[in-house]
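Student: Before I ask anything, here is the structure I am working with.
The values are calculated or read from the model by the stated rules, or taken from the named source; none is laboratory data. Computed from a prediction, not measured in an experiment: that's the story for all the values here. In this analysis, Cβ positions are derived from the backbone assuming ideal geometry, glycine residues included, and neighbour counts consider all displayed protein chains.
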Amino acid sequence: MKITTRTFQTEQIAEVGLGTWQLGSADWGNVTEADAFAILDTFVNLGGNFIDTADVYGSGMSETVIGKYLKTRSEQLFVATKLGRRGDNGNGWPQNFTFDAMKKHVTDSLKNLQQEQLFLEQLHCIPTEELQKGEVFEHLRTLQAEGLLRYWGVSVESIDEALLCLEQEGIASLQIIFNLFRQHWVDEVFAKAQAKGVSLIVRVPLASGVLSGRFTKQTTFAATDHRHYNANGDAFNVGETFSGIAFEQAVDFATSIAGLMPDERLPQWAIRWILDHPAVTTVIPGATKVAQVESNMTAALLPALSGETHQALRNLYDTEIKAAIRGKY
């Protein structure tokens, strides 16, 4: 399999990356280290080279597993992590955003990942008011100047946050929720990001699995799975779960979307739809099974969807889906 790459600053990264929230063995159910290695092996063997994680995924477990895995491969692999949401040792917001706290979080990630420099450090959906104050960006620039991180970016929840971040000098990337349930980003952010040379990293591409087409309204999730405990935004931004659409409604929308696709391969076409947008640098679907990695990676091999299909999908979004979004966007 030959995965196409796209430019991230001076590097070429695979247009289908790997999200690893699930490798923290929290919020998605348990994933053993052996299973995590199998998922990572499959991803890299199929041509993947961009892995996204965060320091809070399993309280460092995801980073630690990835750090161990990196020692088993000789290929150049690019790992992005995030900071800003830790609440250990009685800390949290706003203590996380001092320079000393951010430097500690960076050095902890370096230790977990067994790296001397982070490829990409991202602010992890931090409060809008902290972005507005701007001090966190100065801290990132200082950490970059100290050589602890090569690039920095921001994972955001709303278009307003994205536009605010795009004004910052030195930003390399924005991580956004963009999928068939969140199409409006094209209108307000994409051209500006391209003009500024800022890469777009797309998370939640399958809307927490609803756009796989495998769920029914009777599907249930384990109590420790965020698709159970955060289905209505009770734990964090509801947009991170099913892209903010109520679950049963999301299942109906997925059925309607599937009917507009060229064939029954809904999850691959849903990812292909994202990749049809040239402003996108990489999409980072997660996977708890090897078969899911294989499915996600093959999306890059599909032909672009037709203009007619894109228009039909946008019409469905404008007339039915957008009004159903809950949470920040």
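Student: Could you list, in sequence order, all residues of the stretch 300-329 that are farther than 20 Å from VAL283 by Cα and hydrophobic (A, V, I, L, M, F, W, C)?
Tutor: ALA312, LEU316, ILE321, ALA323, ALA324, ILE325
Student: Would you confirm, using the coordinates I've provided, whether GLU15 is in contact (Cβ under 8 Å) with a residue 24 or more places away in the chain, under 17 Å from VAL283 (Cα atoms) and among the acidic types (Asp, Glu)?
Tutor: yes
Student: Among the residues of the stretch 148-168, which ones are part of a loop (DSSP other than H, G, I, E, B), in contact (Cβ under 8 Å) with a residue 12 or more places away in the chain and either under 17 Å from the mean Cα position of the chain (by Cα) or more than 16 Å from HIS105 (Cα to Cα) (or both)?
Tutor: Listed by number, the residues that qualify are VAL156, GLU157, SER158, LEU166, GLN168.
Student: To continue, here is another question. Which numbered condition trips up TRP28, out of (1) at pLDDT below 95; (2) over 22 Å from ASP225 (Cα atoms); (3) touching a strand residue (DSSP E or B) at 6+ places or on another chain (Cβ under 8 Å)?
Tutor: (2)
Student: Specify which of the listed residues (THR224, THR281, THR298) is out of contact with any helix residue (DSSP H, G or I) (no Cβ under 8 Å at 6 or more places or on another chain), within 29 Å of GLY197 (Cα to Cα) and touching a residue at least 60 places away in the same chain (Cβ under 8 Å).
Tutor: Exactly one of THR224, THR281, THR298 is out of contact with any helix residue (DSSP H, G or I) (no Cβ under 8 Å at 6 or more places or on another chain), within 29 Å of GLY197 (Cα to Cα) and touching a residue at least 60 places away in the same chain (Cβ under 8 Å), namely THR281.
Student: Considering only the stretch 86-144, state which residues are closer than 26 Å to VAL65 by Cβ, of a type in the set (A, V, I, L, M) and in a helix (DSSP H, G or I).
Tutor: Across the stretch 86-144, the qualifying residues are ALA101, MET102, VAL106, LEU110, LEU113, LEU140, LEU143.
Student: Looking only at the stretch 29-47, decide whether some residue is within 17 Å of HIS124 (Cα to Cα), among the aliphatic types (A, V, I, L, M) and not in a loop (DSSP other than H, G, I, E, B). First the steps, then the outcome.
Tutor: Applying the first criterion (within 17 Å of HIS124 (Cα to Cα)) to the stretch 29-47 yields none.
Taking every residue of the stretch 29-47 in turn, none turns out to be within 17 Å of HIS124 (Cα to Cα), among the aliphatic types (A, V, I, L, M) and not in a loop (DSSP other than H, G, I, E, B).
Student: Say whether the condition of being assigned to a loop (DSSP other than H, G, I, E, B), of a type in the set (Lys, Arg), over 24 Å from TYR69 (Cα atoms) and touching a residue at least 12 places away in the same chain (Cβ under 8 Å) is met by at least one residue in the stretch 175-182.
Tutor: Scanning the stretch 175-182, I find at least one residue that is assigned to a loop (DSSP other than H, G, I, E, B), of a type in the set (Lys, Arg), over 24 Å from TYR69 (Cα atoms) and touching a residue at least 12 places away in the same chain (Cβ under 8 Å), so the answer is yes.
Student: What single numbered condition from (1) at pLDDT 95 or above; (2) exposed (fewer than 14 other Cβ atoms within 10 Å of the Cβ) fails to hold for GLY87?
Tutor: (1)
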